[in-house]
Every structure is written in C-alpha cells, then in structure tokens.
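To start, the structure itself, in structure tokens.
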Amino acid sequence: MNIDIPEGKDPIGYVWGEMVPGIGTAAAAFSLSVYANTTLGLREFEAARLRIAQINGCVFCLDWRTDRDGQKVEDGFPDAVTQWRTTETFDERTRLAAEYAERYALDHHGLDDEFWARMKAGYSQQEIVELTMSIGSWLAFGRLNRVLGIDTVCVLPTA
C-alpha cells in the first residue's frame, strides 16, 4: 500500500500528524521519547533497533543511525547485527539486545526461562522494561511506515 502524500508535504508529518492527529501525535511523542530518554548504551540500543529494522524491512529505519553527542556506531555495525550470534565485535549486552529484538519480533512465545536468566544476568529489570518498550516502538512504527509505503519517501535530516 502506498499512502498518497500531497505534493510538498513531509510524509511522516502528513501521515502521523495530519491524517490521524489524535493518534499520530501521541505515537510520535512515544517514538521520540525512546530516543530522548533512553538509559541504554548506544551499541545495545542500536543493535536492537537495527535488528527490528532488518526484520521489518523499513528502508528509512535501516538507513538511520542514532547519534549520541556526535557518536554513532561504526559503519560495519549493521552487518554485525545481522550476524549477532557469531560476530566477535559484540559484548554480551549488545548480543543479548539483538537476540531479544529478534525473538520479540519473531518468536515472543519462545522467550523461555533460560533466555530470561541470561537477560537478568546482563540487564537490570528497569533496563529490560526500557528495552522492551523501545523494541515495541520500533516494531510497531517501523512496520507501520513499511506497510504504508512511507519508508521509502522519508528523508534523513541533514546535519
């Protein structure tokens, strides 16, 4: 499906803000709060976010890199996320973040006691809740953008 975007309109602003202002504005605020209020490290944050982007196939999300005070993950990071099981560039928290994102998106019923024991060994309960809310946001909104066909017409902000 492709939403018809009026000429001269920003696709995200139009779909999220003008088409459904009562829902879209709240959704946008939630989405932005994930970035503004995170306590997670950049690498684990980006590992989970990029894994969801890979699963969703959201073009805009795949191109996006979170910037924290001028710091971004290295260029090869998306490839490492794809290979999260075997990459030597991830520490345990980063690997767990990518694994959790994948399992949350593809097999949430399979999140067993063994997995949760590993998560609790690597993350506090507060961090697990934060990561879960972040993953939920990326899964829902990245998929929304992809399904509605606006992921290919969004533009990254310029520096």
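The values are calculated or read from the model by the stated rules, or taken from the named source; none is laboratory data. From a predicted model like this one, the values you see are computed outputs, not experimental measurements. Please note: Cβ atoms are built from the backbone with ideal geometry, for glycine as well, and neighbour counts cover all protein chains shown. Side chains included, ligands, DNA and RNA excluded: accessible areas come from the protein's heavy atoms. Shrake-Rupley method; radii C 1.70, N 1.55, O 1.52, S 1.80 Å.
Filtered by the rule that a residue be exposed (fewer than 13 other Cβ atoms within 10 Å of the Cβ) and free of Cβ contacts under 8 Å to residues at least 40 places away in the same chain, the stretch 84-107 gives Arg85, Thr86, Glu88, Glu92, Asp107.
Can you confirm whether Lys72 is within 16 Å of Leu42 (Cβ to Cβ) and surrounded by fewer than 17 Cβ atoms within 10 Å (Cβ to Cβ)? Taking the combined requirement at face value, the residue satisfies it.
If the condition is being part of a helix (DSSP H, G or I) and in contact with a Lys or Arg (Cβ under 7 Å, 6 or more places away or on another chain), then the stretch 83-95 contributes only Thr94.
Is it the case that Asp91 is of a type in the set (Asp, Glu), at pLDDT 95 or above and touching a helix residue (DSSP H, G or I) at 6+ places or on another chain (Cβ under 9 Å)? Answer is yes for this residue. Restricted to the stretch 31-41, and to residues there that are in contact (Cβ under 8 Å) with a residue 40 or more places away in the chain and not in a helix (DSSP H, G or I), the residue that is least open to solvent (accessible area, probe 1.4 Å) is Leu40. Out of everything in the stretch 32-64 that is touching a Phe, Trp or Tyr at 6+ places or on another chain (Cβ under 9 Å) and of a type outside the set (A, V, I, L, M, F, W, C), what residue ends up being farthest from Ser137 (Cα to Cα)? Applying the filter and picking the extreme gives Arg43. For the stretch 11-22, does any single residue satisfy the condition of being touching an Asp or Glu at 6+ places or on another chain (Cβ under 6 Å) and open to solvent by less than 20 Å² (accessible area, probe 1.4 Å)? Within the stretch 11-22, not a single residue is touching an Asp or Glu at 6+ places or on another chain (Cβ under 6 Å) and open to solvent by less than 20 Å² (accessible area, probe 1.4 Å).
On the stretch given as the stretch 55-82, residues that are touching a residue at least 60 places away in the same chain (Cβ under 8 Å), over 22 Å from Asn37 (Cβ atoms), assigned to a helix (DSSP H, G or I) and not aliphatic (A, V, I, L, M) total 2.
Of all residues in the stretch 4-30, those satisfying the criterion of being farther than 15 Å from Asn145 by Cβ, outside any loop (DSSP other than H, G, I, E, B) and out of contact with any Phe, Trp or Tyr (no Cβ under 9 Å at 6 or more places or on another chain) are Glu18, Pro21, Gly22, Ala26, Ala29.
Taken over the stretch 42-69, the criterion of being in contact with a helix residue (DSSP H, G or I) (Cβ under 8 Å, 6 or more places away or on another chain) and open to solvent by 30 Å² or more (accessible area, probe 1.4 Å) is satisfied by Arg43, Arg51, Gln54, Ile55, Val59, Phe60, Leu62, Trp64, Arg65, Arg68. Of the residues making up the stretch 96-118, those that are assigned to a helix (DSSP H, G or I), closer than 18 Å to Ile52 by Cα and over 15 Å from the mean Cα position of the chain (by Cα) number 3.
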